[in-house]
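Below is one structure, written out as structure tokens; comments come after it.
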Amino acid sequence: GPRNTADVVIAVFNGTKDMHANDAILFQEQLGVVVSPALLGANEDWRIEDLARLPRLGTRTRTNAWSMWLLLSDQAAMRLKPTRQFEHYTFVIEAVLSGLGSTVVPLHLVADDIKAGRLLAPFGFRPSSYCYAARSARATNRRARAFCVWLQRECAGDRAAFASSAHGSR
């Protein structure tokens with residue numbers, strides 16, 4: 001097959017069992033429901049049950065997002081499923097920004113929209129089993145290792161900045 005010529009690869013792991021000792025963990029994925037402020041309205045007391053009244057959008061690249069989030073929220077019995085599917089998260093997020101419904105999305109894809117007030121996460125975010133890590137092709141490559149360490153610091157700074165904002169504490 002084709003030889004991987006990348007010095008560093010960012011990979012997503014379900015848990016840490018398939019990770020290598022040299023992999024630099026960047027962050028654990030956080031999943032949450034997001035909606036447009038216009039769709040959510042002035043109601044501050046949203047309950048998870050209220051999601052049944054909204055269009056629920058999903059992506060074909062992550063068909064288990066709703067069921068995973070419900071499980072993480074101790075609401076697996078609700079069995080909410082997407083009422084409309086999109087090809088990729090980019091399209092789903094644009095649809096939610098336009099007020100077409102709600103979706104379950106990883107925080108790192110919408111953190112800027114939440115900080116800017118373009119999206120709301122009425123139930124906050126919950127850690128999923130997915131872990132993002134940087135893998136250096138050769139452990140002896142000093143530049144690649146330095147890059148992985150820098151990536152870790154950047155991700156930690158982003159998480160800290162978001163957590164300290166009013167948006168990350170819901």
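The values are calculated or read from the model by the stated rules, or taken from the named source; none is laboratory data. Please read these numbers as outputs of a predicted model, since none were measured by experiment. Positions of Cβ are generated from backbone atoms using ideal geometry, with glycine treated the same way; all protein chains shown enter the neighbour counts. Side chains included, ligands, DNA and RNA excluded: accessible areas come from the protein's heavy atoms. Shrake-Rupley method; radii C 1.70, N 1.55, O 1.52, S 1.80 Å.
Please pick out the residue among Ala121, Ala116 that is of a type in the set (Gly, Ala, Ser) and free of Cβ contacts under 8 Å to residues at least 24 places away in the same chain.
Ala116
Which condition does Thr103 not pass, out of (1) touching a Pro at 6+ places or on another chain (Cβ under 9 Å); (2) assigned to a loop (DSSP other than H, G, I, E, B); (3) more than 20 Å from Tyr132 (Cα to Cα), if it passes all the others?
Result: Thr103 passes all but (2).
If you check Ala139, Ala134, which single one turns out to be farther than 28 Å from Val33 by Cβ and at pLDDT 90 or above?
After ruling out the rest, the residue left standing is Ala134.
Could you look through the stretch 109-124, keep only residues that are open to solvent by less than 40 Å² (accessible area, probe 1.4 Å) and among the aliphatic types (A, V, I, L, M), and pick out the one that is nearest to Gly32 (Cα to Cα)?
Ala121
In the stretch 118-153, how many are of a type outside the set (A, V, I, L, M, F, W, C), farther than 23 Å from Lys17 by Cβ and over 17 Å from the mean Cα position of the chain (by Cα)?
5
Have a look at Pro106, Pro127 and point out the one that is modelled with pLDDT of 90 or more and buried (at least 18 other Cβ atoms within 10 Å of the Cβ).
Every option except Pro106 fails the conditions.
Which of the residues that make up the stretch 13-40 are closer than 25 Å to Ala134 by Cα and not in a loop (DSSP other than H, G, I, E, B)?
If the condition is that a residue be closer than 25 Å to Ala134 by Cα and not in a loop (DSSP other than H, G, I, E, B), then Phe13, Asn14, Ala24, Ile25, Leu26, Phe27, Gln28, Glu29, Gln30, Leu31, Gly32 are the ones that fit.
In the stretch 41-88, which residue that is touching a residue at least 60 places away in the same chain (Cβ under 8 Å) and outside any loop (DSSP other than H, G, I, E, B) is surrounded by the most Cβ atoms within 10 Å (Cβ to Cβ)?
Met68
Which residue pairs have Cβ atoms closer than 6 Å, lie 6 or more positions apart in sequence or on different chains, and pair a first residue in the stretch 135-163 that is of a type in the set (Phe, Trp, Tyr) with a second residue that is modelled with pLDDT of 90 or more?
Within 6 Å, the pairs are Phe147/Val8; Phe162/Ala111.
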